[in-house]
Amino acid sequence: MKRVMLGAFLLMAVMAFWPLMPSKSLAGTGLQLNLGGGPSGSAMTHAANAVAILLSRSIQDLEVSSQVTLGSRANLKRLREGSLELGIVLAGDTLPDLTPIIDSPAIESGQVCAVAGLYRVPAQLAVLADSSTMLAQDLRDKRICVGSPGSSTALVAERLFSALGWWDSMEKLHLGHAEAAQALREGRADAMLLMDGLPSKHLLELASTQGVRFIDLHQSALVSGFYDLGLGYAPVNIPAGTYPGQTKPVPTFADTAWLCAMEMLPAQVVRDCLAILASTAGLEHLSILVQTAEPVAKLAQAKPLLPLHPGVMHSNEVALIPGATP
């Protein structure tokens, strides 16, 4: 089911935002592109590897190199600086915050552009299985791992817990995912929040050895007005059986991972890449390799928060995709 949904989402992204099918032109001769993924072992890294392999094998004289990075916000910064041509970026990381309590970089229009939506990245708030914590509010005065400084997880944590009204009073542990899982395992933390594909490597290991339980974040986001901030997050469920011992779906919210490009990347290159990604063979390749991320089912919940790349918006000598609006 996840594999089918991935293909459906990418295809819907093309149909909704790029109404014309590209020609069979090649991207260029001897062209090398750097694609920013995420930390080693993360869903972002798996997705970046899948995209890089597909494009390099499918387009003559094009080599796409997937790079391990610090994640979405680092990719966004490097795309703006020009040290990456492509990168996977979470939609929520691209907006300047609408409240003064968050310090996040404003994105200048046109520097970084959206190409295609890839998959959902759900917020996951976990405690050990034997914890007495049942609701998010039970953690108000507890020790919570909120991600490494400058990470997407840290940004979401500050946005969410500020909306709940207790960001300043809670004990924040700024740890990366691996360190957070270790702190939870050793009793140095009461909970850990992370933004990652499903299943998260670190939570999967922890669930397999000690057992974890997930806290409903959808209700907290709903009652706190978090969704009303307009930051692009949407309700999703962590499906039952995603982790060992998880017998019921867990309501939460998710961001969307987008393949983005620097605006200066030639439009023809983007058209060629998107044609491969949206092809039958491309969708099959991605659905096989991108197994750790939960894709989006409804494109209406995942509109890009960046301008679309010119290569997505325009094309010549092409045929219409059935059902698309020119």
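Bear in mind these aren't lab numbers, they're just calculated from the coordinates by the rules spelled out. The structure presented is a predicted model; accordingly, all values stated were derived computationally and were not measured. Note: ideal-geometry Cβ built from the backbone for every residue, glycine included; neighbour counts use all protein chains shown.
Some points to look at:
- Whole-angstrom gap from region 130-200 to region 201-264, using each part's C-alpha centre: 13 Å
- Net length available on complete extension from E81 to S208 is 41.6 nm, with 0.36 nm assigned per residue and the Cα-Cα distance removed.
- Segment L135-E186, extension gain: residue separation times 0.36 nm, minus the distance between their alpha carbons: 16.2 nm
- Here the residues T69, T280, T133, ranked from fewest to most Cβ neighbours within 10 Å of their Cβ, fall in the order T280, T133, T69.
- Projected label distance in nm at S279 and N49, using a 7 Å step from Cα toward the beta-carbon: 2.3 nm
- Placing pseudo-labels 7 Å out from each Cα toward the beta carbon at K142 and E63 gives an inter-label distance of 5.0 nm.
- Looking at region 122-254 alone, DSSP beta bridges between its own residues are antiparallel in about 70 percent of cases.
- Residue-span extension gain [S40 to Q111] - 0.36 nm each, minus C-alpha spacing: 22.9 nm
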